[in-house]
């Protein structure tokens, strides 16, 4: 029987910590400044940058908004070149330690390309809320693969089932919620 091997979570946390610390240093921000811009506590940011804790999807959303980029770009080391073919085994997976939300970066972002594809998986009875858009007007196409999902955008809630697609531009807060069934979906970001 073949077993899947997941990346070492400690190593992933260390890489995320290094990336976030470097980004903050590049901008010349103190932890207090980043806390003010993101709405996250200084203590949480310090623990995150020291790889003492795993980031949640909500915290990553706040940081992405503070830096004005998508979560994928926040987590990805931007390189001059990109690999045109990325095997599933090489696609990075982020797991939110609080909710179990899984986010797989299907097409890692590149300095020279704008679009990306993400796969999300939410367990039954899970809610994830983002206080702000990482970048106002960011275009998303969400395609439901399995299950059911309620997505709230600009105060309006849309209920999606397998095969449904919703196209929207992010503006302000958004939320994703499952009820009794899990959800698996793709998000195309343009």
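Does residue 116 fit the bill of being touching a residue at least 40 places away in the same chain (Cβ under 8 Å), under 20 Å from residue 67 (Cα atoms), surrounded by 14 or more Cβ atoms within 10 Å (Cβ to Cβ) and touching a strand residue (DSSP E or B) at 6+ places or on another chain (Cβ under 8 Å)? Before you say what the answer is, go through the steps one by one.
Numbers: touching a residue at least 40 places away in the same chain (Cβ under 8 Å): yes; under 20 Å from residue 67 (Cα atoms): yes; surrounded by 14 or more Cβ atoms within 10 Å (Cβ to Cβ): yes; touching a strand residue (DSSP E or B) at 6+ places or on another chain (Cβ under 8 Å): yes.
Judged against the criteria, residue 116 is a match.
Would you mind finding the one in 125, 147 that is loosely packed, with under 13 Cβ neighbours inside 10 Å, modelled with pLDDT of 90 or more, on the phi > 0 side of the Ramachandran plot and in the same structural domain as residue 185 (by TED's automatic domain parsing)?
Within the list 125, 147, the selection yields 125.
Could you please find all residues in the stretch 157-185 being surrounded by 12 or more Cβ atoms within 10 Å (Cβ to Cβ) and at positive phi?
Correct list: 172 only.
Can residue 173 be described as closer than 23 Å to residue 56 by Cβ, touching a strand residue (DSSP E or B) at 6+ places or on another chain (Cβ under 9 Å) and in contact (Cβ under 8 Å) with a residue 60 or more places away in the chain?
Criteria not met by residue 173.
Which pairs turn up if I take residues in the stretch 86-104 that are on the phi < 0 side of the Ramachandran plot and in the same structural domain as residue 149 (by TED's automatic domain parsing) and look for partners that are surrounded by fewer than 16 Cβ atoms within 10 Å (Cβ to Cβ) and in a strand (DSSP E or B) with beta carbon separation below 8 Å, at least 6 apart in sequence or on another chain?
99/127; 102/93; 103/93; 104/93
The values are calculated or read from the model by the stated rules, or taken from the named source; none is laboratory data. Please read all numbers here as calculations on a predicted model, not as lab measurements. Positions of Cβ are generated from backbone atoms using ideal geometry, with glycine treated the same way; all protein chains shown enter the neighbour counts.
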